[in-house]
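Enquirer: What follows is a structure written as structure tokens; I'll ask about it next.
Any read-out appearing in this document is the output of simple, stated calculations on the displayed coordinates, not a laboratory observation. Treat the numbers as computed from the prediction; the structure is a model and nothing was measured. Ideal geometry is used to build each Cβ from the backbone, glycine not excepted, and the neighbour counts take in all protein chains shown.
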Amino acid sequence: MELKIKTVSKDSIFCEEFKHLQTNNIIDLSKPISILYGPNGTGKTSLAETLNKKPGTKYELEINNTTHTSTTNDIFHVIHDQNGRNLIIGETQDFILGENIKREYELKRNLDESFDTLFRKNLPATLKTSFNITKKSTPFDIIITNKTLLSFISDIANNKSKGNGIDRAKFLEAVQHLHPSEIPEHNEIKSSFFISDFEKEDSIIRKTQETLKKPPHKEEAIETINETKDAVIILKKYNKKSECIVCDNNIEREKLLLKKEDLSKQAFNSLSQQAKNIIEEILNKISNTDPFEIHQALTIALNEGNLEPAEKLLIDFEEHSKIYNARITNAFIEATAQFNLSETYNEYSQILLEKPEFEDEDIVFISQFLSESLDRKIELSRDENKNLKLLLGGNEFLNKERTNLHLSNGEQNFLSLSFELLKSKKTDDKIIVLDDPISSFDSIYKNKIAYSILKILNNKNSIILTHNTDLIKLLEHQKQNCFNLYFLNNTPGEMNGFIQVNSRETKILIYLHELINLLRDEITDQIIDEKNFLIALTPFMRGYCQITGRNEEKDKLTSIMHGYKTDKINLSEIYNALFSNKVIKDTHIISAQDIIKIDPSEIKIIKTENYPLLSKTLNHTFSYLYLRLVTEKTLADKFKINTNKFELLTQIIDQSFKHSDNSQISNRVFFLSRKTLLNEFNHFEIDMNIFQPAIDITNKALEKEKSEILDRLKNL
């Protein structure tokens, strides 16, 4: 698998070439890790932010001929540098692994999703469409006989709680004890009317039930009321005629209408209060739809004193209440049965009874190492709701500010990085990106981090952005040949992109003995100019003499590393003694004064085809030495420095600018601020990594430093 990067953009961070990257744009993902090395300021963090789709960023790339952009699905999981890991964001399940824990969260997720669907979708929809229940409290509360079921219904129909107030264990236990009810034969029209009427505020059925709690008796005036009622209807209907429609006699219609209405009022006033209520609240409000024949039953009771139809009416209501209860019970049974909740809940409950333990080897390693390093135990616990919680020293640390954890910066960094690695192992994203993962760590932590990266992300493709060669070496020592190495260059006017470091140079970068072996033989065919090659290697050879106890050769080499010295040294002889007599063919006797006369910008040292990084390194090392020699000679000559007494560069600078006027201070600060470039980069006895200075500064930056130093010396 390979990653082809076409576009990388973040404000003005990246050079023009990155807008349409044509070369140095392939990252080979055939190995688990791809390391992108770049000095500070080359845009490593900006690249991580771009791949993480931060605002103001853009990318386009291909993976196996499939195009991905910053507007498509995520393919990168980015672990930020320590400054971006102030919080360990996530929940316990995002980090911990293991079959039991995995099963627990699988069951919990299943239960949560099932109950959510049941309480928020299925049952509310059923209660609304089939039972006219849409609120916490409804008139149906009085006829639902199972009060436990009623409490569930109230919580589910409550728009605020939506089932959240239901104890799931009690719900499942209650539903398990429900038995499907057989629905008796019935009139569906009556059943439908029963539900639609019963929920109304002025329900005819509820009023009838309430009225019939006290049996009505025969009312003599009812017959008069009915007669006058019919007469009034006829009189009003035929109000255009002056004669009676029955006998054809002339009548005083208006006078007769008033008489009948008055007679009706007198009859109504003579009724009992119960009879009045029945007429006003029930009989007068019954519409044409009356499947229970409520009007007829109550009219018979009032007219004849016959209560049999009314009693049958109450029995009919009760039967439909039972049908309503049976249906709602069956609805709960059927809705719950879709999710296999009982079996799932029983398995989940059994797991909750067990003490939670770390199972996966990765989390066990992290837990043990953190416990040993931080003197605080990382453990799993359950809260009052039985949810798993990760604790550090008994306290929660996920989503907490690192500064509140009372840890050192290195401990905070390792804690956050460790758990980010665990989270990334569980992500479905194709590639894990780690930005500067070992900054601020000591050697023990660095080694553990290297191991953790390889161990935890062993089944992932990872891209590591770093400026630390220690990480490169540690990864190689943990697992040989586990990465491809690239040099990230982002400098206007230079070759930019993701420049792969070939396997030969990767070896000599990591292993000192591989570099020494190269210098003993294979470098021969690569050398363009032997003299320049020996001069560029002089600081390295001096460091090599120091650590191998060759003091005589070390002193000779030291003499050509000071610009005020004039000793001539046979560099060929020293090289042959240190490495091999197979490489250098001619004799090269060199002094510091000879080196000063050479323009480092014009030299060629070795071929670039096979060893481009080493070629750059040797050119840089030559420049460092040249600048040191020129600076020392110029200052010593101009300011008449006694180099027998003040032989070190720092001493020479101090003696040259020892006064306190602005000019002296400015010059002293200028040269001392470049002391590392002029001096320490030439001392390899501290660290025999010949590559570090070269890969930590670009050609352009070095050329700028050189110009500024030479201009300052010229203008003294």
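Enquirer: Hey, what angle do you get for helix 409-426 against the long axis of the chain, alpha-carbon based, 0 to 90 degrees rounded to 10?
Expert: 60
Enquirer: Starting with the fewest neighbours, write out Leu614, Leu283 ranked by other beta-carbon atoms found within 10 Å of each beta-carbon.
Expert: Working: Leu614 24, Leu283 16.
Fewest to most other Cβ atoms nearby, the residues stand as Leu283, Leu614.
Enquirer: Report, in degrees rounded to the nearest 10, the 0 to 90 angle that the Cα long axis of helix 147-157 makes with the longest principal axis of the chain.
Expert: Taking the Cα atoms of the chain, the angle to 147-157 is about 60 degrees.
Enquirer: Now for a separate question. HN-Hα J couplings of segment 193-209 from phi, Karplus 6.51/-1.76/1.60, θ = phi - 60°, integer Hz, Gly and Pro as x?
Expert: The phi angles translate into 5, 4, 5, 5, 7, 5, 7, 6, 5, 10, 3, 5, 5, 5, 5, 5, 4 Hz.
Enquirer: Nearest 0.05, what FRET efficiency do Gln338 and Thr491 give at R0 = 56 Å with Cβ-Cβ as r? Don't jump to the answer; show the numbers that get you there.
Expert: Details: r = 63 Å, r/R0 = 1.13.
The computed FRET efficiency comes out at 0.30.
Enquirer: Follow-up. Give the peptides 410-418, 117-125 in descending order of average Cβ contacts within 10 Å, highest first.
Expert: On the way: 410-418: 22.4, 117-125: 17.1.
In descending order of packing, they fall as 410-418, 117-125.
Enquirer: Counting other Cβ atoms within 10 Å, which GluC sites (Glu not before Pro) in segment 250-308 have at most 14 and lie in a DSSP loop?
Expert: Answer in residue order: Glu252.
Enquirer: Principal axis extents for the chain, Cα atoms only, whole Å, descending order, please.
Expert: Largest to smallest, the principal-axis extents are 155, 60, 53 Å.
Enquirer: What distance in nm separates the two pseudo spin-label positions at Glu201 and Lys322, each 7 Å out from Cα along the beta-carbon direction?
Expert: Once both label points are built, they end up 3.4 nm from each other.
Enquirer: Which trypsin sites (Lys or Arg not before Pro) from segment 536-614 combine a DSSP loop assignment with at most 15 other Cβ atoms within 10 Å?
Expert: Lys582, Lys585, Lys597, Lys604, Lys607
Enquirer: Working out 0.36 nm times the residue gap between Lys597 and Leu672, then minus their Cα-Cα distance, what length gain in nm do you get to one decimal?
Expert: Additional length available on full extension: 24.6 nm.
Enquirer: Could you point to the residue in Gln478, Thr643, Ser601 farthest towards the positive end of the chain's charge dipole, with +1 and -1 charges on the Cβ of Lys/Arg and Asp/Glu respectively?
Expert: Looking along the dipole axis, the top candidate is Thr643.
Enquirer: How high is the relative contact order of segment 505-714, in percent, with contacts defined as C-alpha pairs under 8 Å that are six or more residues apart?
Expert: Working: 266 pairs, mean separation 52.2, N = 210.
The value is 25 percent.
Enquirer: Run the numbers for Ala701 and Glu372: contour at 0.36 nm per residue of separation, minus the present Cα-Cα distance, in nm.
Expert: Numbers: separation 329, 0.36 × 329 = 118.44 nm, distance 4.39 nm.
The span from Ala701 to Glu372 would gain 114.1 nm if fully extended.
Enquirer: List the pairs from Lys276/Lys312; Lys568/Lys604; Lys4/Lys102 whose alpha-carbon separation is above 32 Å, in the order I gave them.
Expert: With Cα atoms farther than 32 Å apart: Lys4/Lys102.
Enquirer: What percent does the relative contact order of the chain come to when contacts are Cα pairs within less than 8 Å and at least six residues apart?
Expert: Relative CO of the chain lands at 17 percent.
Enquirer: Once the Cα atoms of segment 270-399 are picked out, what are the Rg and Dmax in Å?
Expert: Answer for segment 270-399, Rg first and Dmax second: 33.5, 97 Å.
Enquirer: With 20 Å as the limit, write out which pairs from Lys473/Lys507; Lys389/Lys426; Lys136/Lys190; Lys10/Lys425 have Cα-Cα distances beyond it, or answer none. It would help to have the intermediate numbers written out before the result.
Expert: Working: Lys473/Lys507 10 Å; Lys389/Lys426 18 Å; Lys136/Lys190 26 Å; Lys10/Lys425 28 Å.
Distance filter (> 20 Å) returns Lys136/Lys190; Lys10/Lys425.
Enquirer: Mind checking which of Ser615, Val669, Leu557 is farthest towards the positive end of segment 505-714's charge dipole, using Cβ charges of +1 (Lys, Arg) and -1 (Asp, Glu) about the Cα centre?
Expert: Farthest along the dipole direction, towards plus: Val669.
Enquirer: Using only the alpha-carbon atoms, how far is helix 469-478 inclined from the longest principal axis of the chain? Give it as 0 to 90 degrees, nearest 10.
Expert: Its long axis makes an angle of about 80 degrees.
Enquirer: Then there is this: Each label point is 7 Å from the Cα along the Cα-to-Cβ direction; what then is the distance between the points at Leu178 and Asn269, in nm?
Expert: 5.6
Enquirer: In addition: Looking at the chain only, what percent of DSSP beta bridges run antiparallel? Nearest 5 please.
Expert: 65
Enquirer: Do any GluC sites (Glu not before Pro) in segment 553-621 lie in a loop, going by DSSP, with at most 11 other beta-carbon atoms within 10 Å of their beta carbon, and if so which?
Expert: Sparse-neighbourhood loop GluC sites (Glu not before Pro): Glu609.
Enquirer: Once fully extended, how much extra length lies between Asn64 and Asp112, figured as 0.36 nm per residue of separation less the alpha-carbon to alpha-carbon distance?
Expert: 13.5 nm
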